[in-house]
């Protein structure tokens with residue numbers, strides 16, 4: 001029996017990669033990118049992150065990650081969770097449990113995952129029947145069951161189902177086990193499977209949500225001789241209205257496709273937005289990496305849908321002010337989206353970017369759902385908020401524990417009730433010049 005410790009993925013840092021591990025499944029090396037350097041794992045909330053220092057058989061049948069806390073991890077945790085505590089760093093350095101090395105392991109072929117105490121878990125498809133989890137995190141988050149009992153692990157912090165899912169994606173970035181979805185750069189929908197279409201840079205794409213694959217259906221003419229129908233653009237895990245993580249592929253004439261890690265979010269109304277470090281090639285040789293964003297638009301919609309500002313003001317469906325940005329509240333759709341971002345965040349969000357998504361709400365009624373924290377170069381960070389219309393302020397006010405990001409990365413270290421992002425104010429446009437709480441767009 002394999003042993004190791006269950007770790008939660010708080011973020012993968014996509015820097016210059018290490019060399020890929022040995023191929024253990026036929027054709028697998030062509031699909032897998034190199035293991036990421038300095039990947040961050042989280043053992044528990046308010047504990048220092050762990051930095052992966054060794055990978056074995058990344059994405060293979062014996063995928064293993066070894067990680068331990070570094071002084072930099074401890075410093076970052078103390079700055080975020082215990083500011084002003086002069087003994088925080090020394091206390092953590094003296095904590096033997098926190099400073100030891102930890103291991104997670106998986107068989108990406110069979111769908112097996114091992115926890116810290118030797119408990120074995122098995123891949124168990126997607127979660128569509130957990131009302132709370134689906135509302136907060138989206139539909140289709142991957143699940144695991146206890147191999148001994150056959151019981152699915154609940155998607156709660158206490159049970160750890162969500163943590164198991166993120167561990168799997170850390171070790172097996174292609175998502176679905178290869179026994180269920182063979183390793184291949186060509187993909188076809190199953191007979192009778194509904195066609196869900198996307199488009200990207202003039203190419204028509206097919207989305208296979210169940211198997212986590214996006215492939216070319218009708219490539220743009222500029223890709224003649226480079227890409228064919230069925231070639232895979234992305235493979236990983238897609239959570240409807242939620243998180244996306246996996247591998248994208250860069251195509252160049254006369255060269256093998258170049259894989260690279262990406263993550264992002266289903267932007268629900270308009271598109272999938274994926275970010276990663278794409279290969280830069282000299283000929284067919286990869287010589288470096290550059291940050292890219294893939295906006296895969298849904299159906300025939302543009303990647304971001306421009307909206308015209310209504311001529312009449314309304315407290316039902318209409319324009320409100322959010323810290324100097326014009327946003328559109330749409331009660332029937334249950335969304336709040338940017339229609340005119342203020343100049344200081346124009347490079348971070350765009351017209352049409354969804355800031356809040358939840359259940360439909362009534363005019364001046366209560367709202368509950370998911371807000372998104374934005375940082376340039378990072379995927380939006382979701383968090384739960386609730387609130388309603390404040391007649392005294394003539395504004396909708398939403399509150400919730402907001403993500404805490406590492407200052408030097410996209411890594412989410414935890415959540416707080418005291419940052420400016422915990423209180424979101426949307427004022428009627430006639431009050432647009434009044435003072436509002438400052439929102440940190442980072």
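The values are calculated or read from the model by the stated rules, or taken from the named source; none is laboratory data. Please read these numbers as outputs of a predicted model, since none were measured by experiment. Cβ: placed from backbone, ideal geometry, glycine included. Neighbour counts: every protein chain shown.
Just give me the residues in region 224-245 being within 16 Å of residue 186 (Cα to Cα) and not in a loop (DSSP other than H, G, I, E, B), in sequence order. Across region 224-245, the qualifying residues are 231, 232, 233, 234, 235, 236. The numbered conditions (1) modelled with pLDDT of 85 or more; (2) surrounded by fewer than 22 Cβ atoms within 10 Å (Cβ to Cβ); (3) in a strand (DSSP E or B) are all true for residue 293 except (1).
Here's the yes/no breakdown for (1) within 20 Å of the chain's Cα centre (by Cα); (2) farther than 28 Å from residue 225 by Cα; (3) modelled with pLDDT of 85 or more; (4) surrounded by 17 or more Cβ atoms within 10 Å (Cβ to Cβ):
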{"site": "260", "(1), (2), (3), (4)": "yes, no, yes, yes"}
{"site": "268", "(1), (2), (3), (4)": "yes, yes, no, yes"}
{"site": "276", "(1), (2), (3), (4)": "yes, no, yes, yes"}
{"site": "302", "(1), (2), (3), (4)": "no, no, no, no"}
{"site": "315", "(1), (2), (3), (4)": "no, yes, no, no"}
{"site": "322", "(1), (2), (3), (4)": "no, yes, yes, yes"}
{"site": "329", "(1), (2), (3), (4)": "no, yes, yes, yes"}
{"site": "341", "(1), (2), (3), (4)": "no, yes, yes, yes"}
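Here residue 376 meets the list (1) surrounded by fewer than 19 Cβ atoms within 10 Å (Cβ to Cβ); (2) more than 22 Å from the chain's Cα centre (by Cα); (3) in a loop (DSSP other than H, G, I, E, B) almost entirely, failing just condition (2).
Residues that are in a helix (DSSP H, G or I) and touching a residue at least 12 places away in the same chain (Cβ under 8 Å) were ranked within region 25-69; the one that is nearest to residue 172 (Cα to Cα) is 28.
Restricted to region 334-358, and to residues that are in a loop (DSSP other than H, G, I, E, B) and touching a residue at least 40 places away in the same chain (Cβ under 8 Å), which residue is farthest from residue 243 (Cα to Cα)? Going through the qualifying residues, I end up with 351.
Can you tell me which residue among 247, 286, 232, 292 is touching a residue at least 12 places away in the same chain (Cβ under 8 Å) and over 26 Å from residue 165 (Cβ atoms)? After applying the criteria, what remains is 286. Inside region 55-69, residues that are surrounded by fewer than 22 Cβ atoms within 10 Å (Cβ to Cβ) and under 20 Å from residue 96 (Cα atoms) make up a count of 2.
Scan region 395-410 residue by residue and report those that are surrounded by 19 or more Cβ atoms within 10 Å (Cβ to Cβ) and assigned to a loop (DSSP other than H, G, I, E, B). Across region 395-410, the qualifying residues are 400, 406, 409, 410.
Just to be sure, is residue 442 out of contact with any strand residue (DSSP E or B) (no Cβ under 9 Å at 6 or more places or on another chain) and either at positive phi or modelled with pLDDT under 80 (or both)? Against the criterion (out of contact with any strand residue (DSSP E or B) (no Cβ under 9 Å at 6 or more places or on another chain) and either at positive phi or modelled with pLDDT under 80 (or both)), residue 442 does not qualify. When region 154-191 is filtered for residues that are part of a loop (DSSP other than H, G, I, E, B) and buried (at least 21 other Cβ atoms within 10 Å of the Cβ), the ones remaining, listed by number, are 155, 172, 173, 174, 175, 176, 178.
Just one of the listed residues (415, 389) is modelled with pLDDT under 85 and either surrounded by 15 or more Cβ atoms within 10 Å (Cβ to Cβ) or assigned by TED's automatic domain parsing to the domain that holds residue 291 (or both), and it is 415.
Counting the residues of region 138-166 that are at pLDDT below 75 and either under 18 Å from residue 210 (Cβ atoms) or in contact with a strand residue (DSSP E or B) (Cβ under 7 Å, 6 or more places away or on another chain) (or both) gives 2. Considering only residues that are more than 19 Å from residue 226 (Cα to Cα) and either surrounded by fewer than 20 Cβ atoms within 10 Å (Cβ to Cβ) or in the same structural domain as residue 28 (by TED's automatic domain parsing) (or both), which ones fall in region 244-258? None; the set is empty.
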